[in-house]
Amino acid sequence: MKIKDLDSSDDFEISNHKKLDSILVDLCKLVIEGQKKDKDQYGMVAACVLDTDNRKVFGLNSPGPDGTRRHAERVAIEKYEAKYGDIPKGSIILTTLSPCSEEMDERYGESCTDVINQSNVRKVYCGYTDPTQEEEQREFNIEETANSQIRDMCKKFADTFLDNVSECAGVGIITKQNSTVDVNKNTPRKNLKAFRLV
Ligand SMILES: [Zn+2]
């Protein structure tokens, strides 16, 4: 996490994980419902803005203009703002997949990381960490659930559209292999750091 222009009123602390996990379960249900309802309309990522008054606004990956897709985080933030105005400081965004940060042709608008950076939100709780996205641009604290069942479910959703590690690794990877990084098949996140694309 990069803390730029840190304001003492900014709240980065993620707490009440039990409640956050139950919202992640709701998000998983939302993805499944969307798939049942209309696979073309709804995508495999869901997100929620949870504000300091405990108000929840949900979003699901949805079609944008010219064949683009509106990512779930953008959908949730825009829905929140349309309903309640600016998201107050101290609010948190939950998402089944960590926010994107890279250029993507299919995505409507800037990355979800940029959208969140521009908001008052300084904390994100995710079901699964997208291994294909850089983390440098983040100006918020992010945590992945410690609940392995939720994580597995969120990973399953993400794997339907993410290339797997060996595929995205391609040619000329592992030029930055770090001997201190523990490559263990049981810790995919560490593996992915070890095999980061250069
Ligand atoms: Zn995104």
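Readers should treat all values here as calculations from the given coordinates under stated rules, not as data from a laboratory. Because the structure is a prediction, the values reported are computed rather than measured. Here the Cβ is made from the backbone with ideal geometry for all residues, glycine too, and neighbour counts use every protein chain on show.
Side notes on the structure shown:
- In this structure the amide hydrogen of K123, modeled in the peptide plane, comes within under 5 Å of the amide hydrogens of I93, N141, none closer than 5 places in sequence on its chain.
- Cα gyration tensor category, rounded, prolate or oblate, for segment 41-126 with a/c compared to 1.5: prolate
- Inter-label distance, nm, simple model (7 Å from Cα along the C-beta direction), K156/I32: 0.8 nm
- In nm, spacing of pseudo-spin labels at K18 and S62 (7 Å Cα→C-beta vector): 3.4 nm
- Prolate/oblate/rounded label for segment 3-162 (Cα gyration tensor, a/c 1.5): rounded
- Residues with amide H under 5 Å from that of L97, placed H, sequence gap 5 or more: A46, G127, Y128
- Taking each residue as 0.36 nm, the span from S148 to E110 lengthens on full extension beyond its C-alpha to C-alpha distance by 10.6 nm.
- Computed over segment 50-104: relative contact order in percent, which uses C-alpha pairs under 8 Å that are six or more apart: 36 percent
- Ranked packing of 10-20, 145-155, most packed first, by mean Cβ within 10 Å: 145-155, 10-20
- Remark: segment 130-137, residue by residue, has Karplus-estimated 3J(HN,Hα) of 5, x, 8, 10, 5, 10, 4, 6 Hz, where x stands for each Gly or Pro and the curve is 6.51 cos²θ - 1.76 cosθ + 1.60 at θ = phi - 60°.
- Placing unit charges on the Cβ atoms only, positive for Lys and Arg and negative for Asp and Glu, gives segment 3-162 a dipole magnitude near 860 debye about its Cα centre.
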